[in-house]
1. Here is a list: 120, 102, 94. Which entry is over 30 Å from the mean Cα position of the chain (by Cα), outside the structural domain of residue 32 (by TED's automatic domain parsing), surrounded by fewer than 21 Cβ atoms within 10 Å (Cβ to Cβ) and not polar (S, T, N, Q)?
2. Quick check: is even one residue across segment 377-397 within 25 Å of residue 74 (Cβ to Cβ) and either in contact with a Lys or Arg (Cβ under 6 Å, 6 or more places away or on another chain) or touching a residue at least 40 places away in the same chain (Cβ under 8 Å) (or both)?
3. Take residue 683 and tell me if it is crowded, with 20+ Cβ neighbours inside 10 Å, in contact (Cβ under 8 Å) with a residue 24 or more places away in the chain, touching a Phe, Trp or Tyr at 6+ places or on another chain (Cβ under 6 Å) and not in a loop (DSSP other than H, G, I, E, B).
4. Residues that are under 20 Å from residue 664 (Cβ atoms): which helices (runs of 4 or more DSSP H) entirely in segment 384-472 hold 3 or more of them?
5. Looking at 742, 652, 719, 648, which one is modelled with pLDDT of 95 or more, of a type outside the set (S, T, N, Q) and under 19 Å from residue 250 (Cα atoms)?
6. Tell me, please, whether a residue that is of a type in the set (A, V, I, L, M, F, W, C), buried (at least 24 other Cβ atoms within 10 Å of the Cβ) and modelled with pLDDT under 95 can be found in segment 197-212.
7. Select from segment 491-535 the residues that are under 26 Å from the mean Cα position of the chain (by Cα) and either at positive phi or of a type in the set (S, T, N, Q) (or both) and write down the one among them that is modelled with the lowest pLDDT.
8. Please verify whether residue 531 is part of a loop (DSSP other than H, G, I, E, B) and buried (at least 22 other Cβ atoms within 10 Å of the Cβ), treating the condition exactly as stated.
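The values are calculated or read from the model by the stated rules, or taken from the named source; none is laboratory data. No experiment lies behind these values; they were computed from the predicted model shown. A quick note on method: Cβ atoms are made from the backbone with ideal geometry, for glycine too, and the neighbour counts reach across all protein chains shown.
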Amino acid sequence: MTKPTAPAEKIEFYPGPAGGWGALNSVKNTLLRHGIAIKGAKTLLSANQPDGFDCPGCAWPDRNHASSFEFCENGVKAVAAEATARRATPDLFARYTVAELAQQSDFWLEDQGRLTQPLAYDAASDKYRPIAWDDAFALIARHLNALPDPNQAIFYTSGRTSNEAAFLYQLFVRQYGTNNFPDCSNMCHEASGTGMKPQIGVGKGTVTLHDFEQADAIFVFGQNPGTNHPRMLGELRAAHLRGARIVSFNPLRERGLERFADPQDKLEMATLGATPISTHYFQLRVGGDLAAVKGIMKQVLEQEDARGGVLDHAFIAEHTTGFDALAAELRSESWALLEEESGLSEAQMRAAGDIYLNARSVIACWGMGITQHKYAVRTIQAIVSLLLMRGNIGRPGAGPCPVRGHSNVQGDRTMGIWEKPPPALLERLQQVFHFEPPRAPGVDTVEAIGLMQSGRGKVFFGLGGNFAAATPDTYETWKALQRCDLTVHVATKLNRSHVVHGKEALILPCLGRTEIDMQAGGVQGVTVEDSMGMVHLSKGINPPASAHLLSEPAIVARLAAATLAGRSRVQWRWLVEDYRRIRDLIARVFPDFHDFNQRVAVPGGFRLRNAASERVWETPSGKARFYPPLVPRDTPAHQARARHADQLVFTLLTTRSHDQYNTSIYGMDDRYRGVYGQRRVVFIHRQDIYALGMKDGDWVDIHTVWSDDQQRCAKRFRLVAYDIPRGNLAAYYPETNPLVPLSAVADAAGTPTSKSIPVLLRPSLNT
């Protein structure tokens, strides 16, 4: 097999800002590389437009959903990857065995282009071969209907799945008889919903883009918008220019949090200028956010005790419970412990507290740097408690803002993709569709892996995503998938999950978000819900990559019809003739979607009601709740350092490169961090390199230190001296996912703790 020419590997400081000419040059090169310079440019003009398609990248909202330039560099990469001229035809699969494909990199697999036909694994030849759609659905139905217990089937969902597909999917699976709905939320913002729902009554943020125009201060925790949500930089830039304080907490120095050149600002581009983003940047230790937030709260309370008039007493009295316990905990905590655990000085935490108390309206944003820790839920509840101290929820310019990743991850949950469905949802499904839904909770992502490991998970169906690459404890996950009788993946492109398969396996190619979805009733649009609860219509404009592709709603409907046959009253295939019929059903199940078709036809769509933003607290007490911010002293990192006191134990966080979106590798560069042509690097403080007796550029193996004493190792990573606190490391996933144990999950939420893994570094023997 011919290997592609490797790009030049180098580590070189990048002097430019986020965005700017570097971003525009990247856009040009991306379109050229995919062979779609003209087509791609035309496609991008329809991105995030009222009559166009929603970007298949992140879930950041669109400004009025009507700009002529509502896309970003990494959105371009997502669009180009989908609109590429390259095709992974049956000829590719005839040329290579699955064993040979498995030897290729994740980048190479996806770089083969769009899948064109459904494929079935042939064990005798170790190759994928074309299969007719009807035969594929019959095969899946045969496996599902042969299971003695529906809970032996697992139905995974990607956050790119539309509302229409997700609704049909959950309806089909519940009629089949299980709540086994692991999804990407389980691996990212599950902790946000778990923490916020009992605290303020909603499991998502309360702010809108308009609030960013009114905020006096914006606190950003555990997030890198320059790579993960580049359009957010426009809001932060505008806030900075009007004088708002932007306070960032991040172990790494991230270019997007430092300065940004807006490609839409002609003067800034012409003068090679840039706008600062963060007014204050606090480089805390990995996992130090809870202690830092507690320090901010302690300063606020001490100022209230000293001079009064700092807290919003009227709000606290009318709208909250638990303040006295919170105050007692803050007063009893020592600054010395907060300094030790946060990695910040008392002066730094007091300074951040002063910014907070001097701001009338404050927004708090966070990403997976908060959610992927053992005590993530506790940390999120501390952030929300900080907002509650001064009434910063339910008024203009203020509130919590968990920044979601996938473009419709929030919508999927709204549609019922949840392994722990609320009883009200199940009762409504029963009323509308006249069947008895399963009541027992299903499995989340990590539990699904355990189910397959045990042999009790027999069939795995993935509606999008790349399960084998996205999940923790990679090799254990792979063994689990390989134990299945059948694995099925709905996908646009070849990925790692397709070469880590069960005894039988199918790849089902689907339409992408950018493509025309023609059904019997004409061209169809689908809907998505962004990070701030806006629901809007998305219509592709490009011809499908192949005549053999089906839409996700059509795949779900045809599978449901084949599996349930006469057991369901739902007219599955009739529904997908016109997606308005699906939306009518959604409106019957979810009251917030009343008049769905009429409201979504309005340019920009509509916002779902958010009770907490109205200061209506749908909690057991009818009030928002303070939680005492207890700083743990028994984290896995603490335990590892106690067990290996004679060694230098680091805390590793996994992260994306700039040429990456989740598990999709678009290229081999990480421009903002100065990494080119390579991905197996580990960022480390220069003094820690010396402490190891090594030098910048040396090669190391990374070993997990965990209580089960299981050997977990990721081999041959290049040391890169970087601005990161001592004792901390950062490296890219999915390469470092093998280091994350399945048992390393957030308390109460089950989110893999990929941002805080205790590890050892040893010289690499692999030359």
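1. Values: 120 fails: over 30 Å from the mean Cα position of the chain (by Cα); 102 fails: over 30 Å from the mean Cα position of the chain (by Cα).
So the residue among 120, 102, 94 that is over 30 Å from the mean Cα position of the chain (by Cα), outside the structural domain of residue 32 (by TED's automatic domain parsing), surrounded by fewer than 21 Cβ atoms within 10 Å (Cβ to Cβ) and not polar (S, T, N, Q) is 94.
2. Scanning segment 377-397, I find no residue that is within 25 Å of residue 74 (Cβ to Cβ) and either in contact with a Lys or Arg (Cβ under 6 Å, 6 or more places away or on another chain) or touching a residue at least 40 places away in the same chain (Cβ under 8 Å) (or both), so the answer is no.
3. So residue 683 passes the test.
4. Of the helices (runs of 4 or more DSSP H) lying wholly inside segment 384-472, those with at least 3 residues that are under 20 Å from residue 664 (Cβ atoms) span 409-414, 467-470.
5. Working: 742 fails: under 19 Å from residue 250 (Cα atoms); 719 fails: under 19 Å from residue 250 (Cα atoms); 648 fails: under 19 Å from residue 250 (Cα atoms).
After ruling out the rest, the residue left standing is 652.
6. No: segment 197-212 contains no residue that is of a type in the set (A, V, I, L, M, F, W, C), buried (at least 24 other Cβ atoms within 10 Å of the Cβ) and modelled with pLDDT under 95.
7. 531
8. In short, yes.
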